[in-house]
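Worksheet: the structure to be examined is printed underneath.
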Amino acid sequence: MRRLQRSLLVASLAFLAVGCVSQRTVDGKDQPAQQFNAQEAADTRLALGLQYLQSGNYQQARANLERARDYTPENPSVHTALAYYYQQVREYENAERYYRNAIRLQPDNGDTYNNLGALLCTMGRFAEADQYFRQALAIPDYVKVASTYENAARCAAKAGDIQKSDEYFQRALNHSGRNSTILESYATVLLEQGRFEQLAQVLARRADLPQLSAQYLWLEIELAKQQNNKVRQLSFIELLLSRFPESRQARDYQAQTSEPNS
């Protein structure tokens with residue numbers, strides 16, 4: 001892999017060194033050929049890299065993203081994409097380095113602060129993560145406020161700070177009260193904490209929204225189990241298996257029921 005990357009880099013540098021060359025036209029006159037555009041080439045490689053990353057082809061994703069970086073070393077979007085790549089392959093130190101590069105190159109991008117906060121939380125560096133979530137929220141005109149509060153809330157819960165987690169979730173819902181993802185996220189945390197009364201309240205809000213999801217139905221199943229409500233539990237199990245038979249939640253339930261003595 002390293003040899004391939006070196007050869008790609010050498011080829012890239014050789015191509016860049018060519019610069020502007022001459023080409024002969026129909027009338028026999030020499031005219032300068034179109035000069036290589038590093039930014040356009042980087043954009044193409046970046047798009048390819050992200051497509052490969054999405055499809056799970058990490059080798060090609062890295063090759064294209066590194067080529068984009070070679071073309072435009074000071075491009076914050078490329079550094080962010082490389083950070084995401086390293087995050088996906090769980091090389092967290094490299095991911096952190098590229099996120100910090102992206103922040104240095106574009107210090108007013110709230111998404112990068114949010115992403116770095118999420119990474120640091122994954123690494124167990126909860127206080128640092130909280131600082132970066134707050135920095136994202138402090139940026140004027142930052143639009144993803146609700147999702148950043150949600151990330152901060154989940155991180156605080158992971159750190160064991162229930163009060164701060166609740167506060168952040170409430171702020172997230174203040175900004176996007178009918179966001180099913182945030183409600184389900186909050187409910188999942190409450191279930192993990194064994195706070196079933198609050199869980200019931202959050203799921204009641206989620207029940208008012210039209211779209212079902214596998215996660216919501218699973219949460220209702222778990223709540224009904226805790227309430228010892230067999231009828232309600234079975235009704236949500238039937239919904240889960242009929243509406244989302246291929247979901248992780250449905251597969252987990254079927255695996256549990258197929259176990260001996262289950």
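The values are calculated or read from the model by the stated rules, or taken from the named source; none is laboratory data. A quick note: this is a predicted structure, and the numbers were derived from the prediction, not measured. Reconstructed Cβ throughout: ideal geometry from the backbone, glycine too, with neighbour counts over all protein chains shown. For the accessible areas, the whole protein counts, side chains as well, though only heavy atoms, and no ligand, DNA or RNA atoms are used. Shrake-Rupley method; radii C 1.70, N 1.55, O 1.52, S 1.80 Å.
Would you look at the GNM of the chain, springs on alpha carbons closer than 10 Å, and say which of 234, 199, 82 moves the most?
234
Compute, for residue 185, the solvent-accessible surface of its heavy atoms (probe 1.4 Å) with the complete set of protein chains present, and express it in square angstrom to the nearest 10.
Counting only protein heavy atoms, the figure is 10 Å².
If I take R0 = 51 Å and measure r between the Cβ atoms of residue 229 and residue 143 in this structure, what FRET efficiency does the formula 1/(1 + (r/R0)^6) give, to the nearest 0.05?
Rounded to the nearest 0.05, the efficiency is 0.80.
I need the Kirkwood Rh of segment 98-155: take the reciprocal of the average 1/r across all distinct C-alpha pairs and report it in angstrom.
Hydrodynamic radius (Kirkwood, Cα only) of segment 98-155 equals 10.9 Å.
Within the accessible area of segment 149-249, what % is carbon and sulfur when the probe is 1.4 Å and the other protein chains stay in place?
46
Of the heavy-atom accessible surface of segment 42-82 (probe 1.4 angstrom), what whole percent is carbon and sulfur?
Looking at segment 42-82 in its full context, I get 45 percent from C and S.
Can you tell me the length gained on complete extension of the stretch residue 93 to residue 123, counting 0.36 nm per residue apart and subtracting the Cα distance?
Value of the extension gain: 9.9 nm.
Of the labelled options (1) 1.04; (2) 0.93; (3) 1.13, which one gives Rg/Rh (Cα atoms, Kirkwood Rh) as computed for this structure?
Structure-derived value, by its label: (3).
At 1.4 Å probe radius, can you tell me the per residue accessible area of the chain in Å²?
58
With each run of n ≥ 4 DSSP H residues scored as -39500 (n - 2.57), what mean residue ellipticity at 222 nm is computed for the chain after dividing by its residue count and rounding to the nearest 500 deg cm²/dmol?
So the calculated ellipticity at 222 nm is -24000 deg cm²/dmol.
Using a Gaussian network model of the chain with C-alpha springs under 10 Å, which one of 174, 101, 151 is most mobile by mean-square fluctuation?
Ranking 174, 101, 151 by mean-square fluctuation puts 174 first.
Put a dot 7 Å past each Cα toward the Cβ at residue 248 and residue 40; how far apart are the dots in nm?
The two pseudo-label positions are separated by 4.2 nm.
With 10 Å bins from zero, work out the P(r) of segment 112-240 over every alpha carbon pair and list the percent per bin.
Distribution as computed: 13, 40, 30, 14, 3 percent.
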